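The values are calculated or read from the model by the stated rules, or taken from the named source; none is laboratory data. Treat the numbers as computed from the prediction; the structure is a model and nothing was measured. Here Cβ is always computed from backbone atoms with ideal geometry, including for glycine, and neighbour counts include all displayed protein chains. For the accessible areas, the whole protein counts, side chains as well, though only heavy atoms, and no ligand, DNA or RNA atoms are used. Shrake-Rupley method; radii C 1.70, N 1.55, O 1.52, S 1.80 Å.
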Amino acid sequence: MYNAVTDRRLLGRTIKLTSMCLLLSIAASCSGSGDTEKANALLDEAQSAYEARDYSKVMALIDTLKSRYPREIDVRREALHLATRATEGLSVMKLQEADSLTAVLGALGDSLQRQMKYIKNPIEGYYVASSADPARFIGTNGLQGRVSPEGNFYIISSLKAKSVKSTSVTVSAGGREASTSVVSHDGERNDRSMGAEVITFMGVECDSVGKFISENTDRDIKLTFNGASSYSMTLPSKEAREIALAYDYAATIRRFKVASLEKERLSRTVDIARSQASRTFVEKDSTK
């Protein structure tokens, strides 16, 4: 009697469980089938975008597929492989652009360097425009642009006409102006012991002035020495052109270095993407 009751109870539970599993299977099959078709439609669209080399669209479509259909594992696996190939394609395109840019900047840098000359110095040598004469500059009134061997632009100011205890300079033209940072008198970078007020402005302290002069060499540029008082003069056009040349040369060196680093980064990205693509490749079952 005990066994019969137990058997009936077990049979009833088995029937209920089987029914529930069957219903869940049918429901999952119905919804899953629709989701699979939609996920595959997105994958097909991403594949078409890949073939059209629209790699950004590929990535956007695959992101949509992953967020909308997280349970479509097989489709997502194929999408992952396509995403790595799209990453590789996009990186290759950018690498080609970076390669072209470094070639252009390299040629431009070589051209500008031929217009410069290297000046040996016990502390550190530097480049100036070929027409500049650093030996005679100190003790005159004006500015001189220089470039360090590493490609850093800087400006030397020299004022002999009047003592204003200068700490900065301003250049102006066409209703616009640019100024250096203030460099206080310290006997080194701001020196007044050689019969002239001589200041060395480094990097960001004078970048805006170099850029301004480079953009306004066709104008009369007013140069003002600022300090306890001020003194203004017209920047000689020869000095303006020499400063512009030095600034452009330094800027080109900086851009070349950045482009070269970007080229190296993209080259590594391409290698990584290719490695990932080989690992995520999914061979389809041809019998289906």
Got at least one residue in the stretch 264-281 being farther than 26 Å from Ala107 by Cα and modelled with pLDDT of 95 or more?
-> no
Please tell me if Val128 is assigned to a loop (DSSP other than H, G, I, E, B), in contact with a helix residue (DSSP H, G or I) (Cβ under 9 Å, 6 or more places away or on another chain) and of a type in the set (A, V, I, L, M, F, W, C).
-> no
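Got a sec? Which of Gly89, Gly34 is open to solvent by less than 40 Å² (accessible area, probe 1.4 Å), free of Cβ contacts under 8 Å to residues at least 12 places away in the same chain and out of contact with any Ser or Thr (no Cβ under 9 Å at 6 or more places or on another chain)? Give the derivation first.
Details: Gly89 fails: free of Cβ contacts under 8 Å to residues at least 12 places away in the same chain.
Going through Gly89, Gly34 in turn, the sole match is Gly34.
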Residues of the stretch 9-63 being among the polar types (S, T, N, Q) and at pLDDT 55 or above, in sequence order, are Ser33, Thr36, Asn40, Gln47, Ser48, Ser56
Looking only at the stretch 37-74, and only at residues there that are open to solvent by 80 Å² or more (accessible area, probe 1.4 Å) and not in a helix (DSSP H, G or I), the one that is farthest from Ser91 (Cα to Cα) = Arg71
Could you list, in sequence order, all residues of the stretch 212-233 that are touching a Leu at 6+ places or on another chain (Cβ under 9 Å), farther than 21 Å from Lys162 by Cα and surrounded by 15 or more Cβ atoms within 10 Å (Cβ to Cβ)?
-> Ile213, Ser214
So how many residues does the stretch 234-275 have that are among the polar types (S, T, N, Q) and either over 20 Å from the mean Cα position of the chain (by Cα) or open to solvent by 70 Å² or more (accessible area, probe 1.4 Å) (or both)?
-> 3
Of the criteria (1) under 23 Å from Thr200 (Cα atoms); (2) surrounded by 16 or more Cβ atoms within 10 Å (Cβ to Cβ); (3) of a type outside the set (D, E, K, R), which one Ala98 fails = (1)
In the stretch 144-167, what residues are open to solvent by less than 70 Å² (accessible area, probe 1.4 Å) and more than 18 Å from Ser193 (Cα to Cα)?
-> Gln144, Gly145, Arg146, Val147, Ser148, Pro149, Gly151, Phe153, Tyr154, Ile155
Is at least one residue of the stretch 186-195 among the aliphatic types (A, V, I, L, M) and open to solvent by less than 80 Å² (accessible area, probe 1.4 Å)?
-> no
